[in-house]
Amino acid sequence: MSRKKKLLLNTLTGMLRQLTVVICGFVLPRYMLLYFGSSLNGLVSSISHFLNFITFLEMGVGAVVQSNLYAPLADKCSTKISEIFLASERFFRKIAFIFIGYIVVLLFVFPNLINNEYNWFFTASLIVIISISLFEQYYFGISYQLLLNADQKSYIQNTVGIITVILNTVFCIALMQKGKSIHVVKLVSALVYLLQPIFLASYVKKNYLLDRKVKIVGEPIKQKWNGFSQHLASIVCNNVDVVVLTLFSTLTDVSIYSVYYSVTNGVTQIILTGAMGLESLFGSMLARREKDKLLVTFEAAEWTIHFCATVLYTIMAILIIPFVRVYTVGITDANYIVPGFGIMLALAYGCMCIRIPYFRMIKAAGHYKQTEKGAYISVFINIVLSVVLVFPFGLPGIAFGTLAALLYHTCYFVNYLRKNIICRPIKYFVRYLVLDTLTGLLGFILAIRIEIGELSYYAWFIMAIKVSVVTIVIAGLIQVLLNRKTTKEVVYLMLGTRNKE
């Protein structure tokens, strides 16, 4: 299968997977709120984010493993592939056992952070059950995922992921409707997700000539520890908000955050999944020294991601409050309407998405150590601003800390690429930033006038169509009028034809 077909298949299955995740991700929390309430929903969300900090121990090795696999996969060197795979597998199994120790510590520390709202056994047993899914990932499945991603076969795990997400949703809803406890629901969920690593392991064993007896000489994973800084920045970005709310606010605020975040993260994951094949594609081109193709592909990716991210997050900023109003109908134990927070989250994660092409190029080139400084500064900005601003501004303050950190990190990546990898003038990024801002402002000003008729999903859907049409038309006109040359080149490239102008 050609690289172009793989990229298309990865993108389509990835988008379908994320669409499935988004839909199921809205359905399940709604049932959680109805059957268990805002406080328990906040507790589950908080536990999940605290457990995600175990990925801190991964040290970014996963991304480095994937970038190290590009060259041997391109050269079809099974010995080198086996060495990297086995080294990766051994490393992540060590992480899995360290995870057990982390869970033990969390069992005694976490219950004291939530002001004894739930008894120790209730909270501790829930921590153990929720942690099973992460243990499965690190002990059984992550090395297989990295190998398939590097070989541009993400469509394999995307397909399995779609099936497991649907099964999980069906089983969890059925259990809640039968009156089962949160512990039973989460335990069944963990067992369902165990199907994914089992299938991936079976597929890799049948389709790759991995020699498990190969002798590993030296360190097969180059720059093994140099992905730490980027990994740390990612962990802080994804989890610090909930941690700060857990420490300095209430579980109800955590629940409110989780509802807004589920919307934001749904949009983010769709864009990230659509761009999933970029890193392996860039890595393959760099390994083959296809500089001209690399530059053309990068420019197309840059235009597409800026356009999609600006359109989607402008739409989200307008629609998120009406959606939350509909979503929380009948839920009266907390006020979920926080307009400033929704807009700030849209800005923050929109910024995260526009940095995708720059970040993926740096990862594909393996420039982890060289970009450590920017990652550490981003982490510092995020933590300090989130802690300082949560007291006077609450949820919007938390979101602003994330926005500031991501904006800095994006600019840092753009400047680094300009100097070290693709050597493009920074004026291209500035132009996109101006066009993004103009699109967002005009789209918001014109589309915000559209109102939802009644509190129903049907009315919200009609409103969403109207807002989307207005925003897309505005974005398209701005690109045609102010960025015509690049827009034409991207369209010709997508159509598989050449621009003859």
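The values are calculated or read from the model by the stated rules, or taken from the named source; none is laboratory data. Every value quoted in this text rests on a predicted model; they were computed, and no experiment measured them. Note: ideal-geometry Cβ built from the backbone for every residue, glycine included; neighbour counts use all protein chains shown.
Of everything in segment 168-191 that is among the small types (Gly, Ala, Ser) and touching a residue at least 40 places away in the same chain (Cβ under 8 Å), the residue that is nearest to residue 32 (Cα to Cα) is 189. Has segment 315-330 got any residue that is more than 30 Å from residue 443 (Cβ to Cβ) and in the same structural domain as residue 469 (by TED's automatic domain parsing)? Within segment 315-330 (the criterion being more than 30 Å from residue 443 (Cβ to Cβ) and in the same structural domain as residue 469 (by TED's automatic domain parsing)), the answer is yes, since at least one residue qualifies.
A quick yes/no check of all residues on (1) more than 27 Å from residue 323 (Cβ to Cβ); (2) not hydrophobic (A, V, I, L, M, F, W, C):
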residue	(1), (2)
436	no, yes
444	no, no
458	no, yes
464	no, no
468	no, yes
486	yes, yes
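Apart from one condition, residue 224 fits all of (1) of a type outside the set (S, T, N, Q); (2) at pLDDT below 75; (3) surrounded by fewer than 21 Cβ atoms within 10 Å (Cβ to Cβ); (4) within 24 Å of residue 112 (Cα to Cα); the exception is (4).
For segment 228-244, the criterion of being farther than 18 Å from residue 52 by Cα, surrounded by fewer than 20 Cβ atoms within 10 Å (Cβ to Cβ) and either at pLDDT below 85 or among the small types (Gly, Ala, Ser) (or both) is met by no residue.
For residue 23, the criteria (1) modelled with pLDDT of 85 or more; (2) over 18 Å from the mean Cα position of the chain (by Cα); (3) more than 30 Å from residue 96 (Cβ to Cβ) hold in every case but one, which is (2).
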